[in-house]
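Following: one structure in structure tokens, then a few remarks.
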Amino acid sequence: MKIFLTGYMGSGKSVVGEKLAKNLNYKYVDLDDQIEVIQGKSINDIFEDRGELYFRKLESQILDDILENNSDMVISLGGGTPCYGDNFDRICAQKDAKSIYLKASIPTLTERLFQEKVHRPVISHLDSRETLEEFIRKHLFERAYYYSQSDITVNVDEKEPEFIVDQIIEKL
């Protein structure tokens with residue numbers, strides 16, 4: 001089975017994904033990490049050097065490779081992956097696959113992302129919590145349509161990753 005973790009940046013997809021894969025004895029793939037390895041540069045540098053459109057095309061190509069792989073795996077998608085092109089349709093069309101939305105509130109996302117915004121190309125230019133919160137609110141509104149189509153939704157506010165993993169396994 002393939003388990004796809006969706007959700008906004010900062011929702012915990014990477015941390016939860018690693019723990020879930022270990023718990024299930026599945027292979028773990030972080031889509032952003034795969035992109036960085038293949039390109040030999042950070043997501044920030046890819047955005048700066050080539051722009052978002054190039055990044056999104058690359059992201060879709062690497063997602064295709066993952067979709068063709070028959071291994072049991074947990075895949076942490078980038079926050080925007082399900083929202084571009086037909087990525088989410090292709091994920092949903094997979095046999096023996098589940099998509100899981102790690103749903104975090106705007107205050108939780110703002111708190112988490114403000115601490116690490118320098119590493120996030122989409123928000124690195126935002127210099128106050130207020131502007132970051134406003135950005136998240138608008139961006140999440142646009143993306144929620146895609147995230148909400150996931151097979152399973154798990155609220156991640158104020159929960160430890162191990163608890164979230166247990167919830168996911170329970171719902172699978």
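Some observations on this one:
- Among residues of region 158-172, those that are touching a strand residue (DSSP E or B) at 6+ places or on another chain (Cβ under 8 Å) and either within 18 Å of THR110 (Cα to Cα) or part of a loop (DSSP other than H, G, I, E, B) (or both), counted: 1
- Selection within region 17-60 - under 20 Å from ASN87 (Cβ atoms) and aliphatic (A, V, I, L, M): VAL29, LEU31, ILE35, VAL37, ILE38, ILE43, ILE46, LEU53, LEU58
- The numbered conditions (1) more than 15 Å from the chain's Cα centre (by Cα); (2) part of a loop (DSSP other than H, G, I, E, B); (3) within 16 Å of SER76 (Cβ to Cβ) are all true for SER150 except (1).
- Taking (1) closer than 18 Å to TYR101 by Cβ; (2) assigned to a helix (DSSP H, G or I); (3) modelled with pLDDT under 95 in turn, GLY17 satisfies each apart from (3).
- In region 68-82, the residues that are more than 20 Å from SER42 (Cα to Cα) and either modelled with pLDDT of 95 or more or in a loop (DSSP other than H, G, I, E, B) (or both): ASN69, ASN70, SER71, ASP72, MET73, VAL74, PRO82
- The residues listed here are GLY51, GLY17; of these, the one that is surrounded by fewer than 21 Cβ atoms within 10 Å (Cβ to Cβ), of a type outside the set (Asp, Glu) and out of contact with any helix residue (DSSP H, G or I) (no Cβ under 6 Å at 6 or more places or on another chain) is GLY51.
- Of the candidates ILE91, ILE38, ILE75, the single residue that is over 29 Å from ASP157 (Cα atoms) and touching a residue at least 24 places away in the same chain (Cβ under 8 Å) is ILE38.
- Among the criteria (1) at pLDDT 95 or above; (2) at negative phi; (3) buried (at least 19 other Cβ atoms within 10 Å of the Cβ), the one TYR26 does not fulfil is (3).
The values are calculated or read from the model by the stated rules, or taken from the named source; none is laboratory data. Bear in mind the structure is a predicted one, so any value in this text is a computation, not a measurement. Every residue, glycine among them, receives a Cβ derived from its backbone with ideal geometry; neighbour counts consider all protein chains shown.
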